[in-house]
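One structure is given here, and the rest of the page talks about it.
The values are calculated or read from the model by the stated rules, or taken from the named source; none is laboratory data. If you're wondering where the values come from, they're calculated on a predicted model, not measured in any experiment. Note that we place each Cβ from the backbone using ideal geometry, even for glycine, and neighbour counts take in every protein chain shown. The area values use the complete protein model at the heavy-atom level, side chains included, leaving out ligands, DNA and RNA. Shrake-Rupley method; radii C 1.70, N 1.55, O 1.52, S 1.80 Å.
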Amino acid sequence: MTNTTLHTDRNLWLKILIGMGLGIGLGLLLSPTSIALVDEYTALEFGEWVALPGIVFLGLLKMIVIPLIICSIVLGVTASGDLGFLKKTGFQLVIYFIITTFISIFIGVMVVQAINPAQYISNSFIEQTIASTDAPSEIFDKLSIPQRVENLLPVNFTEASLERNMLQIVIFSFFLGIIMLTLPKNRTKIFSDLCEFGQDACMKVIEWAMKLAPYAVFGLICNITIQIGFDTIAGVGAYMLSVMIGLLAMFGVYLIIVSIIAKRNPFEFMRSIRNTQIFAFSTSSSAATMPFTLKTAEENLGIDPKISRFVIPVGATINMDGTALYQAAAALFLCSLFGVDLSAGEIFLLMLTTVGASIGTPATPGVGIIVLATILSSIGVPPEGIGIILGVDRILDMCRTTLNVSGDLVASTVMDRLASKKA
């Protein structure tokens, strides 16, 4: 198996933080709803241009996501050399993901019920935002469970690639890896070498993209801040604070898991993953961050590649603890805002619905708010209510993506520890 080293600047995290701070500052200076040094048209036009390095940066990362997923999973599966290992690790991973997702949702529910951010929202703000915002449409069709299972099968790989259906691509890649394990090595060596080349090529593209990272973060954050402004943030500040407290609490749970189960120093773990967290925050995409997540797992955390290349692509597809927490918190917040009383049983049903909705959510920016529309429609909240939180969704999307990616690295660390204990 290839073991490509990705050369990056050790101070990259600091440069990205500086870019982030400068982007927020400039964005507030130019935003029409904040200081507004220039007129609205000029500010929005400038925002598009300053975000251009970020668009190129994200484009480079998204360009290699699909080939990297295929190559990483195939090499990870074949490196195990044992179908029994895959069954055991896969079963443990699914159980782990379900448990952490439920913990995350529970935290989101408890935080919103304790703070009750709806009480701080004025009626005038509600009326203004609902009147000026179109609610997103639902993302899920009303399909039966057998139909949903059928939709998981990658019957058309080209279609899955065009639609960026990561779950189907992951399943397809697993099939390829398992097939390779069942065939003689002399029949699979050419494809294995091709996957190693593909992984090396993807890492080289990432290395090039990293040179743009500080400028990309500056531009993306500046553009977002220009669009959002300070007034929108202030209007739903209590709601944002509630979600962020929940996300921080779940990250605290992760550190406890790292300390107790993975037997690692949580402070060293945080230092090792900070670059990846900053990338996740700036890109708002688990998929775009995945190449860097793999690099961090193998080089910074020392995780066995056969574990990281198995866990992280799956995690980027179905391990969405941050998204699940956000969706549960947002749903309860809007229920309280619109006077929809949920019983304990209905809250539990909401938690189950959120687990199902978060699994398989596309790992791209902004999709969480559309999935939320589906959840709200099932509990009687007007879809237009999403307009109240839509303005700050991108900021919360950045925060929840950071937790999602952190969760993938924690899961890799835990699975690596469990595998080493059995070895």
Notebook entry, point to check: For TYR215, what accessible area in Å² do you get when you roll a 1.4 Å probe over the heavy atoms of the protein chains, rounding to the nearest 10?
Noted result: 140
Next item on the list: With a bin width of 10 angstrom, please list the P(r) values of region 213-319 as percents of all Cα-Cα pairs, from the 0 bin to the one holding the largest distance.
Entry: 12, 35, 35, 15, 2
Notebook entry, point to check: Cα convex hull of region 26-68: how many Å³ per residue?
Noted result: 75
Checklist line | Accessible surface, per residue, of region 193-345 when the full set of protein chains is kept, probe 1.4 Å, Å² | finding: 33
Notebook entry, point to check: For region 172-238, what Kirkwood radius comes out of the mean inverse Cα-Cα distance, in Å?
Noted result: 16.3
Next item on the list: Mind checking the full-extension length gain between SER161 and ILE24? Use 0.36 nm per residue of separation minus the Cα-Cα distance, one decimal, nm.
Entry: 45.9 nm
Checklist line | Dimensionless Rg ratio for region 268-330, taking C-alpha atoms and the 2.2 N^0.38 Å reference | finding: 1.15
Notebook entry, point to check: Highest mean first, what order results for 293-299, 258-264, 106-112, 414-420 on Cβ atoms within 10 Å?
Noted result: 293-299, 106-112, 414-420, 258-264
